[in-house]
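Beneath this line is the structure, given in structure tokens, with notes to follow.
The values are calculated or read from the model by the stated rules, or taken from the named source; none is laboratory data. Values in this document were obtained by computation on a predicted structure and should not be read as measured data. With ideal geometry, Cβ positions are generated from the backbone for all residues, glycine too; neighbour counts draw on all protein chains shown. All accessible areas refer to the heavy atoms of the entire protein, side chains included, with ligands and DNA or RNA removed. Shrake-Rupley method; radii C 1.70, N 1.55, O 1.52, S 1.80 Å.
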Amino acid sequence: MMLRTLINLFLFALLFAISGLSSQLYADTLSQIQDREVIRIGVKVDYPPWGMLSPEGDIVGFEPDLAALVAKELGVKAKLRSVTSGNRFQLLEEGEVDMLIATVGDTQQRRERVSMITPHYYRSGVTALTAKSSNIKNWSDLSGEKVCLYGGSYFNKTLIQDYQIEPLILFNTRDAQLALLTKKCVAWAYDNSAIYHLLKSDSWKDYQAELPIIYPILWSLVVNKDLDSLSLKRKLESITVKWQRDATLYKYATKWLLPDRAYLADRTKLWNQKTDRGDYLCRFNADYHLPEACDQYPKDKPVENNYWWPFDQHDTNWLILAFTQTLLFTLAVVILTLVFAYIFTLFSLLSNPYIRKTINSIINVQRSVPPIVLLYLLYFGLFSYHYSHPLMLDLLSGGAVTTALIVLSLYTAAGISSLLEDAIASQNKRRQLSTLNTAFLEGKHGIIANLINLVKASAMASALSVPNAILVTTSLVASQGHTLFLMTLLMLFYFFEVMLFSKTIEYLFRLIPQAKRPQLEN
Amino acid sequence: MTIYYLISLFPVFMQAFSLNIVITLCAMALGIMTGLYITKLHLSRFKLIQLIAKSFLLVFRNVPSFVLLFYLALIIPTQFSLASMHFQIPVIAKAVFALGAPVTGFACGYFLEARTQNKAFQLAPWSQYFIVILMASTTSSIIGVKEIMATANATIAISGDSQMVIPIYSLVALWFISCSLICSWLIKRFDQVLLQRFNNKAQLNAQEGDKE
């Protein structure tokens with residue numbers, strides 16, 4: 001009896017707690033903030049000077065300043081919480097923060113998940129880093145020129161199509177910087193705020209970013225999409241309108257020396273324009289919409305077709321070309337390897353053991369260096385001086401394809417030749433061409449294994465922006481999405497490529513011994 | 001001037017290189033364990049399980065680790081939550097998984113072959129493969145692991161001086177050359193000892209057999 005009462009009491013308490021919790025869950029965000037007298041705002045600390053840590057460990061910057069202004073307007077205290085691009089929306093959705101001022105660009109896709117506050121408070125876009133000595137003043141000057149691009153940028157395809165540049169796509173921004181430094185490209189097109197960071201450091205003093213900003217992305221304050229946040233949203237809209245009119249944004253941008261301040265100055269002028277009747281030209285209408293001239297909403301994405309193949313003709317052709325190029329490159333590198341391996345093994349026939357061993361160890365030294373190190377060393381290092389040495393062979397003129405072909409085939413050829421050298425040495429016979437042939441046949445399995453590894457390693461050439469399936473696939477992922485589809489396609493492509501090559505190589509090797517067997521039996 | 005600068009880079013490179021070693025060791029451990037398991041499946045009496053093992057092996061052998069690296073980097077999110085618990089997947093784990101695949105293929109081949117032959121256990125094939133994976137671990141710089149190659153790239157990019165390219169990459173190349181020289185010398189000595197023991201044992205067994 002006692003127990004039952006206790007259980008009842010417990011259940012009652014539980015019910016009470018749940019109802020209390022749910023009433024809290026469905027409370028209006030703005031009144032909650034005002035009740036607790038604190039607004040929790042997510043800001044960045046990895047994006048100076050928009051948001052960063054001061055030497056004392058405080059969060060400071062353009063966006064933290066705006067956060068403090070928001071809190072002041074609401075009459076509460078601001079509690080800043082550091083967020084990253086990866087977790088910001090999640091923390092907002094989980095109620096860890098009430099709003100974000102964290103370099104969020106307004107896109108249609110993100111609008112499906114969170115609520116963007118308009119007017120926007122800042123913009124970033126694409127500019128290009130060029131050497132001060134170059135004569136590039138406008139985007140049209142880049143037509144037909146080699147331009148470095150980071151594979152993860154969303155604008156690559158549009159830029160290539162709009163300005164007919166010759167793209168040099170690299171896997172990370174470091175490599176893009178290296179390629180620009182070593183004059184593999186005349187410009188590096190990238191996000192203007194990131195380039196702005198870079199230019200602040202002394203080492204880039206010979207470079208500039210003077211090209212006008214294109215493909216702008218507008219930055220928004222962000223709140224949750226649910227109905228509870230609506231009142232907060234309206235309040236923030238009126239705050240940002242105020243910031244536009246009284247030039248607050250411009251003032252704080254000047255305080256933190258942000259780039260592209262002229263844009264904010266223009267905005268202030270626009271937001272202060274009045275109609276003939278004396279009203280502000282830019283203001284919300286009854287549906288909480290702004291006139292087109294005052295603030296742009298992100299454009300809708302083109303209607304997606306439900307067809308299983310989600311890409312347009314341009315992208316499809318790009319993919320097919322890349323797959324073909326990858327196959328051709330692999331074929332070329334396998335053939336070149338066999339040629340090199342044959343030449344290397346001829347050295348094994350030398351009768352003088354000292355000369356032989358010296359040559360062999362020279363060949364073998366490069367085998368203990370990772371191919372990717374050699375690729376970078378040759379491409380960005382040795383071969384990048386062809387500008388100052390016009391006499392250097394045309395073949396070595398810094399072409400990524402040539403470099404990758406040479407490095408990968410030399411690496412594998414050295415592996416094969418050391419295998420053959422071991423086989424010849426174990427035979428203890430006179431070193432002549434027939435011993436070489438016997439060794440070649442005996443070492444068949446090793447040679448095939450080496451060649452198959454080469455087929456797999458040839459994917460590495462994409463690190464140097466050799467036209468390749470990986471590069472094009474990852475670029476498409478960055479601009480179009482469809483990550484799982486594209487990456488699985490890439491995986492399948494390589495799976496069947498390796499299968500194709502290994503079966504063909506095995507088949508060809510099966511042909512050789514039959515031709516030579518009578519000779520061996522003699 | 002350059003030489004002093006390069007020497008000053010040594011501790012940084014050392015630290016970055018330790019990451020390469022960690023990645024390689026983890027990938028080897030992971031690959032050997034998966035390899036053992038797949039070998040076990042491969043020897044199963046059931047045709048279906050054999051087929052599954054074979055197809056797994058085919059995938060591990062045929063997909064380049066470089067492609068797998070990208071696959072994992074792009075498909076698996078870096079952080080996700082389950083029931084308000086946050087999980088972070090570091091890029092280094094993705095590198096370990098990607099490099100573990102070729103090790104699995106290699107280990108499987110080794111175990112299947114070892115069953116049919118009675119040979120002395122030799123470290124050489126394993127250590128050679130260790131070096132192969134150690135060298136391949138430099139490719140993880142591409143997905144953002146701060147190992148030795150990424151450190152070299154960063155050093156050059158920060159210096160903003162294209163003259164640094166050759167000395168710094170040469171340093172990395174030298175690093176690997178000396179590392180593999182030391183490794184192969186050590187392994188050779190170790191294997192000599194192992195082979196001797198095996199031969200002694202075989203001799204002993206033979207003598208005992210004679211007595212009977």
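General remarks:
- Only one entry in A:492, A:500, A:511, A:484 is at pLDDT below 90, open to solvent by 20 Å² or more (accessible area, probe 1.4 Å) and within 12 Å of chain B (Cβ to nearest Cβ), namely A:484.
- Within the span defined as region B:20-32, every residue fails to be outside any helix (DSSP H, G or I) and open to solvent by less than 50 Å² (accessible area, probe 1.4 Å).
- Applying the condition of being more than 7 Å from chain A (Cβ to nearest Cβ) and in contact with a Phe, Trp or Tyr (Cβ under 7 Å, 6 or more places away or on another chain) to region B:150-166 and asking which residue is nearest to residue A:381 (Cα to Cα) yields B:152.
- Among the residues of region A:463-478, those identified as closer than 14 Å to residue A:319 by Cα and not hydrophobic (A, V, I, L, M, F, W, C) are A:467, A:468, A:473, A:474, A:475.
- The condition (being open to solvent by 10 Å² or more (accessible area, probe 1.4 Å), at pLDDT 90 or above, out of contact with any Asp or Glu (no Cβ under 9 Å at 6 or more places or on another chain) and among the aromatic types (Phe, Trp, Tyr)) is satisfied by just one residue among B:87, B:70, B:97: B:97.
- The residues listed here are A:154, A:150; of these, the one that is open to solvent by 10 Å² or more (accessible area, probe 1.4 Å), farther than 30 Å from residue A:272 by Cβ, within 14 Å of chain B (Cβ to nearest Cβ) and in contact with a Ser or Thr (Cβ under 7 Å, 6 or more places away or on another chain) is A:150.
- The lone exception for residue A:81 - which of (1) at pLDDT 85 or above; (2) open to solvent by 40 Å² or more (accessible area, probe 1.4 Å); (3) within 20 Å of residue A:231 (Cβ to Cβ) it fails: (3)
- Residue B:178 falls short on exactly one of the conditions (1) modelled with pLDDT of 85 or more; (2) closer than 30 Å to residue B:74 by Cβ; (3) within 11 Å of chain A (Cβ to nearest Cβ), and that condition is (2).
- Selection within region A:173-192 - aliphatic (A, V, I, L, M) and more than 8 Å from every other protein chain (Cβ to nearest Cβ): A:176, A:179, A:180, A:186, A:187, A:189
- Tally, over region A:120-143, of residues that are farther than 25 Å from residue A:48 by Cβ and surrounded by 22 or more Cβ atoms within 10 Å (Cβ to Cβ): 1
- Residue among A:251, A:274 that is modelled with pLDDT of 90 or more and surrounded by fewer than 16 Cβ atoms within 10 Å (Cβ to Cβ): A:251
- With respect to the stated conditions, residue A:160 is without any contact (Cβ under 8 Å) to a residue 12 or more places away in the chain, more than 12 Å from every other protein chain (Cβ to nearest Cβ), outside any loop (DSSP other than H, G, I, E, B) and touching a strand residue (DSSP E or B) at 6+ places or on another chain (Cβ under 9 Å).
- Number of positions in region A:99-116 that are surrounded by fewer than 24 Cβ atoms within 10 Å (Cβ to Cβ), assigned to a loop (DSSP other than H, G, I, E, B) and at negative phi: 5
- Scanning region A:186-221 for residues that are within 20 Å of the chain's Cα centre (by Cα), open to solvent by less than 10 Å² (accessible area, probe 1.4 Å) and of a type in the set (A, V, I, L, M, F, W, C) yields A:187, A:188, A:189, A:195.
- In region B:145-166, the residues that are touching a residue at least 60 places away in the same chain (Cβ under 8 Å), of a type outside the set (A, V, I, L, M) and outside any helix (DSSP H, G or I): B:146, B:147
- Residues of region B:127-158 that turn out to be surrounded by fewer than 19 Cβ atoms within 10 Å (Cβ to Cβ) and of a type in the set (D, E, K, R), as a count: 1
- Any hit, region B:27-34, residues being more than 12 Å from chain A (Cβ to nearest Cβ) and modelled with pLDDT under 90: no
- Condition check for residue A:342: in the same structural domain as residue A:423 (by TED's automatic domain parsing) and within 21 Å of residue B:153 (Cβ to Cβ): no
- All of (1) open to solvent by 50 Å² or more (accessible area, probe 1.4 Å); (2) hydrophobic (A, V, I, L, M, F, W, C); (3) in contact with a helix residue (DSSP H, G or I) (Cβ under 6 Å, 6 or more places away or on another chain) hold for residue B:185 with one exception: (3).
- Test: residue A:202 is without any contact (Cβ under 8 Å) to a residue 24 or more places away in the chain, within 13 Å of chain B (Cβ to nearest Cβ) and out of contact with any strand residue (DSSP E or B) (no Cβ under 6 Å at 6 or more places or on another chain): yes
- Out of B:169, B:129, one residue alone is within 13 Å of another protein chain (Cβ to nearest Cβ), assigned to a helix (DSSP H, G or I) and under 19 Å from residue B:29 (Cα atoms). It is B:129.
- Only listed residue being open to solvent by 100 Å² or more (accessible area, probe 1.4 Å), away from chain A (no Cβ under 14 Å), touching a residue at least 24 places away in the same chain (Cβ under 8 Å) and in a helix (DSSP H, G or I), chosen from B:198, B:190: B:190
- Any hit, region A:158-173, residues being buried (at least 16 other Cβ atoms within 10 Å of the Cβ) and either more than 25 Å from residue A:311 (Cβ to Cβ) or in the same structural domain as residue A:466 (by TED's automatic domain parsing) (or both): yes
- Test: residue in region A:347-356 that is within 30 Å of residue A:487 (Cβ to Cβ) and either small (Gly, Ala, Ser) or not in a helix (DSSP H, G or I) (or both): no
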